[in-house]
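The values are calculated or read from the model by the stated rules, or taken from the named source; none is laboratory data. Everything quoted here is computed from the prediction, not taken from an experiment. All Cβ positions, even for glycine, are placed from backbone atoms using ideal geometry, and neighbour counts span all protein chains on display.
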Amino acid sequence: MSGTTTGYAVDPAGEYVIGVVVAGAMRARRGRERFVFEPGDVCAWDPSGAHSGRPYACGSWQARLLVLETPSIEETVRGCEGSALDIRFGKPRMRDPLLAQRFMELHRALDTTSWRLESETLLLEWLRAAGAPPDRPESGRAARRDPGLRRVRELLCDDIAGNVTLDELARAAGVSRHRLSRLFRAAYGMPPHRFQLACRIGIARRMLERGVPVAEVALETGFFDQSHLHRHFRKTLGMTPAQYASVTAQTYKTTMR
């Protein structure tokens, strides 16, 4: 959900409401509790009680929200190891710029064309950051030697065009989603979907250098269409696929002279 409102009232039935106030301000109440949410504040309401809101010192407020049913959260944090993250939100208002930024990234991924691995990983990592106890540091060397991580890395590199899910990767590794995400961050400094994107961009570059048409490159590397490739390519390299193809072709001609 995304938009501007002048008031709301929710009596949750097993639903979590999480989000970020984008503009304006809101005064919310839950039982005897009162909270003021300002721009950049994160909200994380659990299903423990009804809550409502109205504008605070303004006529309306704007927010981006996700409504998650309890089974969805349980599915997200549960893994094949039989363990689950202990997700507990303290107060519903959190003033954490990094957490707000990460929520906006998650919301935009869900609001635009994105891979399932991307949206699932972003949600898992946001829930972990917002409501789980801190993890113990993981050794990068040990993570890179993990046989499950090696299997997943090979799967991502071999099936570059596949829209693989976090569940599928976790099963291939024989670990939980949470554990897999930790292994990727320890080994490569990035979550699984970023590693997958890096592989796709690398192969796309090599194809463009060989003169393969942009539309074919997008199809072969798992992007949904040319605009999807264009967006990620430009964000990663600072130029469009067509510009990159032109530059590398010119470089090749110069080298051959």
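Which of the following residues is of a type in the set (Gly, Ala, Ser), closer than 28 Å to GLN196 by Cβ and either assigned to a loop (DSSP other than H, G, I, E, B) or touching a Cys at 6+ places or on another chain (Cβ under 7 Å) (or both): SER119, SER114, SER72?
Answer to the check: SER114.
Please go through region 104-118 and pick out each residue that is under 23 Å from VAL21 (Cβ atoms) and crowded, with 18+ Cβ neighbours inside 10 Å.
LEU106, HIS107, ALA109
Going by what's in this entry, would ALA23 be described as within 26 Å of the chain's Cα centre (by Cα), on the phi < 0 side of the Ramachandran plot, of a type in the set (Gly, Ala, Ser) and surrounded by fewer than 16 Cβ atoms within 10 Å (Cβ to Cβ)?
yes
Under 9 Å between Cβ atoms, at least 6 apart or on separate chains: pull out the pairs that start in region 12-40 with a residue that is within 22 Å of PRO97 (Cβ to Cβ) and end on any residue that is of a type in the set (Asp, Glu) and in a strand (DSSP E or B).
Once the first residue is within 22 Å of PRO97 (Cβ to Cβ) and sits in region 12-40, its partners that are of a type in the set (Asp, Glu) and in a strand (DSSP E or B) give TYR16/GLU69.
Select, from GLU74, GLU69, GLU118, the only residue that is under 23 Å from GLU168 (Cα atoms), touching a residue at least 60 places away in the same chain (Cβ under 8 Å), of a type in the set (Asp, Glu) and not assigned by TED's automatic domain parsing to the domain that holds SER227.
Just one listed residue meets the conditions, GLU118.
Only one of THR221, THR165, THR251 is at pLDDT 95 or above and not acidic (Asp, Glu); which?
THR221
Output yes when any residue across region 168-188 is acidic (Asp, Glu) and either crowded, with 19+ Cβ neighbours inside 10 Å or under 30 Å from PRO92 (Cα atoms) (or both), and no when none is.
no
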